[in-house]
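The values are calculated or read from the model by the stated rules, or taken from the named source; none is laboratory data. Quick caveat, the model's predicted, so the values are computed rather than measured. Don't worry about glycine lacking a Cβ; one is built from the backbone with ideal geometry, like all the others, and counts go over all protein chains shown. With ligands, DNA and RNA removed, areas are computed over all heavy atoms of the protein, side chains included. Shrake-Rupley method; radii C 1.70, N 1.55, O 1.52, S 1.80 Å.
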Amino acid sequence: MVLVGYLTVRRKNYKRYLSKDSRPYAFELTLVKRRAKLRTMAGREDSPSKIIDKETAFQRIFALRKAIEYHNSRYYQKDAPEISDAEYDRLMKELQDLESRYPDDELALSPTRRVGAAPLSKFASFTHLEPMLSLANAFDAEGIRDFDSRVRRLAKIERVEYVTEPKLDGLAVNLIYENGRFRRGATRGDGAVGEDVSQNLKTIVSLPLKMNNGASLPVPELIEVRGEVYMEKEPFEKLNRRRAEEGEAPFANPRNAAAGSLRQLDPKITARRPLNIFFYGVGAAGNAAFADHWEILEALAAWGFTVNPLVRKVPDIDACIAYFEEIGSIRSGLAYDIDGVVLKVNSLEIQNILGSVSRSPRWALACKFPAEQAVTVIRDIIVQVGRSGTLTPVAVMEPVNVGGAVVSRATLHNEDEILKKDIRIGDTVLIQRAGDVIPEVISVLAGKRTGGEKEFRMPRACPECGSEVVRQANEAAHRCVNLSCPAQLKEHIRHFSSRGAMDIEGLGEKLSAQLFDAKLIADPADLYFLTKEQLLGLDRQAEKSAENLLNAIGRSRAPALDKFIFALGIRHVGERTARLLAEHFGNLDALRSADCEELTAISEIGPEIAQSILEFFAEAKNRTVLEKFQRAGLSPRALPPPVQAGLRGKSFVFTGSLESMGRNEARTVVESLGGIVHSSVTGKTSYVVAGSDPGLKLEKARKQNITVISEEEFLTMAGRPIHRLA
Ligand code: IVH
């Protein structure tokens with residue numbers, strides 16, 4: 001299986017290799033075949049290299065280095081891995097084993113001696129003050145005990161105290177704080193040099209721009225702090241749903257979404273992505289002196305850096321193994337993805353004695369959980385129709401166990417994804433549970449093809465209602481054009497009652513569909529005319545459940561305006577946009593009669609969203625439903641007015657970086673006071689706030705005679721006491 005996966009990858013990248021390297025592809029194939037033969041001879045899967053001769057070993061080493069470099073770049077630079085982590089780890093382990101027995105002159109340049117891949121050229125490079133190391137891996141209790149034995153032997157001690165931490169599945173970053181202020185931050189890159197993503201990091205709300213000056217712990221003059229940027233599973237799913245609605249390619253998993261978001265050239269895009277950060281260590285620590293790692297974590301927490309609440313100090317390796325098992329058992333219930341736990345020798349003195357070998361310290365170990373990936377066969381590809389008519393292809397697969405759950409469906413996102421991965425009906429595929437919920441196809445094991453596989457084409461007619469299916473030029477999604485398509489209507493009702501929208505308890509996907517199919521409702525407004533008798537006529541509806549549902553529907557008669565706007569299911573209007581609209585217009589009638597100019601004057605609302613809102617209210621069917629809501633006595637509550645409206649009507653443009661807060665926070669401050677933030681300077685701009693290192697906007701403001709104010713002046717204007725800065 002591994003072998004086939006490997007061959008597939010090599011085959012797929014044949015052209016790429018030819019361009020970089022003139023060695024014939026057949027050579028590598030021969031090697032792999034030879035290895036397979038050796039495996040058979042040896043009668044074991046895991047360590048074929050033990051019996052090979054020197055020449056074969058060097059050929060294999062050479063091929064492995066190339067393959068690993070390639071996969072490094074797919075994983076670290078392109079955010080588009082082609083093989084599973086488990087497979088990658090196997091390649092790496094095989095190379096490490098071979099290199100330890102057959103060292104050569106090129107060893108220093110081997111991928112086993114570096115951490116990731118060189119950064120892309122688009123961001124400025126950033127040299128870490130202290131290199132960012134990687135971790136050696138173990139996969140079971142035996143590997144963990146081996147690690148502990150080595151530690152005890154080298155440090156000459158009987159028992160070792162460890163700190164155990166979840167291994168977060170995001171991307172590592174290094175941040176520099178000078179005198180307690182965030183200065184710069186970067187991705188890990190190759191461990192020595194990363195990418196300067198300071199502006200993007202600043203948009204992460206959980207990243208302190210200023211360290212707390214804890215009384216017992218003076219803030220050091222300079223410190224490097226290290227952590228993992230990640231995205232929680234639920235916001236990730238939401239982001240992907242939004243992307244699908246908007247015809248954008250979805251992210252494969254939260255890790256890729258986090259990496260893709262942090263490495264956006266435009267920090268505004270990053271700011272809209274729900275990124276988080278946990279901190280787990282320090283690099284160059286300046287004048288900070290610690291005795292052990294636990295103290296470091298305590299100091300980080302006291303300084304205001306979020307430390308994962310599941311970290312623990314444990315007395316010995318048995319407790320580490322228990323921790324590994326315990327965290328493994330609660331893993332799927334966590335809000336974020338983890339791929340293992342990390343063990344760290346607590347004492348810094350012992351850490352120093354142990355030191356590092358090549359890419360990883362000898363005092364830490366990553367204990368990896370079994371990969372949540374599996375291989376299965378695609379039996380069929382079906383098409384589902386979403387709320388806005390989007391057609392989503394879904395693979396129906398032979399049921400397979402992935403990380404403890406049996407799955408038989410995987411989303412294929414859209415036609416482009418299927419073509420890109422060349423997925424066919426009958427294919428054997430590698431699947432992964434992304435974000436723990438919707439499994440997805442990572443790659444096809446093309447070597448398993450028999451020739452009987454069938455290519456998939458998007459249907460020209462909607463599978464639900466037979467209407468025409470169209471694909472707009474700038475979208476990846478195909479859509480059903482029929483606004484009365486039953487699949488769309490059912491989805492629409494489900495969305496209306498969902499959490500975040502009207503939150504009607506008990507009215508989930510099944511019941512919405514049941515009500516619709518029984519012709520009791522045709523749109524969300526019909527919900528408010530349902531009677532108990534009607535409900536009792538349905539399958540599995542008892543007196544009590546019917547009452548509960550009617551009560552839940554009744555409770556939603558006075559929704560908050562923003563929830564109601566979101567529930568309407570206007571294309572491109574997510575929760576945030578709905579809130580902006582509710583705040584700006586105050587009631588539904590004002591929103592209904594707004595024109596394009598008024599809509600686009602609201603920050604964050606561009607012409608595309610505005611157009612979609614206008615189309616929604618222009619549509620006769622939607623007007624009928626809105627009238628029905630009115631007849632049902634539904635009256636959305638306006639949001640409470642902002643406490644102060646000191647900046648009402650004023651528009652702000654920010655340039656340069658602020659000391660006291662990030663751009664997002666500044667925007668919130670302005671908006672909470674009734675003002676608006678724009679990204680570029682125009683004749684209508686009231687103030688340009690110039691932070692440090694201001695950009696061209698400052699010059700533009702001066703040329704146009706627009707008032708330029710400092711951060712301090714801005715804070716005074718916003719009624720924020722200046723001592724917050726000190
Ligand atoms: S410590 C020398 N702690 O795992 C120690 N790393 O393969 C270096 N990671 O690059 C890292 N959670 O991206 C450490 N609690 C944790 C971690 C963690 C996730 C990642 C990090 C690092 C990679 C190491």
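To the nearest 0.05, how large is the calculated FRET efficiency for residue 483 and residue 601 if R₀ is 41 Å and r is the Cβ-Cβ distance?
0.90
How big is the gap, in Å, between the Cα center of the range 478-497 and the Cα center of the range 582-599?
Rounded to whole Å, the Cα centres lie 25 Å apart.
Using the structure shown, list the pairs from 454/490; 650/697; 238/268 with a Cα-Cα distance above 29 Å, or answer none.
Check vs 29 Å cut-off fails for 454/490.
Explain nothing, just compute: Karplus ³J(HN,Hα) = 6.51 cos²θ - 1.76 cosθ + 1.60, θ = phi - 60°, for every residue of the range 319-328 in order, whole Hz, x for Gly and Pro.
5, 5, 5, 4, 5, 3, 6, 5, 5, x
Less than 16 Å apart at the alpha-carbon level, and either on another chain or at least 8 residues along: which aspartates and glutamates does that give for residue 54?
Reachable aspartates and glutamates: 94, 97, 99, 104, 105, 106.
In nm, to one decimal, how far is the modelled label at residue 455 from the one at residue 593, with both set 7 Å along Cα→Cβ?
Going by the 7 Å Cα→Cβ label model, 5.6 nm.
Considering the zone a paramagnetic label at residue 217 would reach in this model (a point 7 Å from Cα along the Cα-to-Cβ line), which residues of the range 271-285 have amide N under 13 Å from it?
279-282, by backbone N distance to the label point.
What's the angle, to the nearest 10 degrees (0 to 90), between helix 575-585's Cα axis and the longest principal axis of the chain?
On a 0 to 90 degree scale, this one is about 30.
Please work out how much length the chain gains when fully extended from residue 542 to residue 105, using 0.36 nm per residue of separation minus the C-alpha to C-alpha distance, in nm with one decimal.
Here the answer is 149.6 nm.
Calculate for the chain the 222 nm mean residue ellipticity that helices alone would give, adding -39,500 (n - 2.57) per DSSP H run of length 4 or more and normalising by residue count, nearest 500 deg cm²/dmol.
-11000 deg cm²/dmol
Counting pairs of alpha carbon atoms under 8 Å apart in space and at least six apart in sequence, what relative contact order in percent does the chain give?
9
The range 141-205: which trypsin sites (Lys or Arg not before Pro) are DSSP loop and have at most 12 other beta-carbon atoms within 10 angstrom?
Loop-located and lightly packed - 156, 159.
Residue by residue through the range 384-397, which ³J(HN,Hα) values in whole Hz follow from phi under the Karplus form 6.51 cos²θ - 1.76 cosθ + 1.60 (θ = phi - 60°), with glycine and proline marked x?
For the range 384-397, the Karplus-derived couplings read 9, 10, x, 4, 9, x, 5, 8, 10, x, 10, 7, 9, 10 Hz, x marking Gly and Pro.
How would the chain be classified by its alpha-carbon gyration tensor: rounded, prolate or oblate, with rounded meaning a/c under 1.5 and the a/b versus b/c comparison settling the rest?
In terms of gyration-tensor shape, oblate.
Relative to the longest principal axis of the chain, what angle (0 to 90°, nearest 10) does the C-alpha long axis of helix 620-631 take?
Between the helix axis and the principal axis of the chain, the angle is about 70 degrees.
Decide, for the range 326-378, between rounded, prolate and oblate: order the square roots of the alpha carbon gyration tensor eigenvalues as a ≥ b ≥ c, take rounded if a/c falls under 1.5, and otherwise choose prolate if a/b is larger than b/c, else oblate.
Oblate, since a/c reaches 1.5 and b/c is not below a/b.
Once you have the Cα-Cα distance between residue 266 and residue 475, take 0.36 nm times their residue separation minus that, and quote the gain in nm to one decimal.
Gain in length upon complete extension: 73.1 nm.
For residue 628 and residue 183 in one chain, what is 0.36 nm times their gap in residues minus the Cα-Cα distance, to one decimal in nm?
Result for the pair: 154.6 nm of gain on full extension.
Per the 1.4 Å probe, what fraction of the accessible area of the chain, in percent, lies on carbon and sulfur atoms?
51
Listed here are the pairs 510/532; 167/210; 233/628; 233/519; 233/621; 122/368; which of them are more than 28 Å apart at the Cα?
233/628; 233/519; 233/621; 122/368
For the range 263-276, take each phi angle, set θ = phi - 60°, evaluate the Karplus expression 6.51 cos²θ - 1.76 cosθ + 1.60, and give the result in whole Hz per residue in order, putting x for glycine and proline.
9, 7, 6, 9, x, 4, 5, 4, 4, 7, 8, x, 8, 9
List every residue whose amide H lies under 5 Å from the amide H of residue 130, counting only residues 5 or more places away in sequence or on a different chain, with H placed 1.01 Å from N in the peptide plane.
Amide H neighbours of residue 130: 284.
In nm, to one decimal, how far is the modelled label at residue 531 from the one at residue 97, with both set 7 Å along Cα→Cβ?
Spacing of the two 7 Å Cα→Cβ label points: 7.5 nm.
Report, in degrees rounded to the nearest 10, the 0 to 90 angle that the Cα long axis of helix 233-245 makes with the longest principal axis of the chain.
So the inclination is approximately 60 degrees.
Measure off 7 Å from each Cα along the Cα-to-Cβ vector at residue 686 and residue 620, then give the distance between these two points in nanometres to one decimal.
4.4
Using the heavy atoms of the protein chains alone and a 1.4 angstrom probe, what is the accessible area of the chain per residue in square angstrom?
47
Could you list, by residue number, the cysteines of the chain that have no other cysteine's beta carbon within less than 4.7 Å of their beta carbon?
Isolated Cys, the chain: 320, 367, 596.
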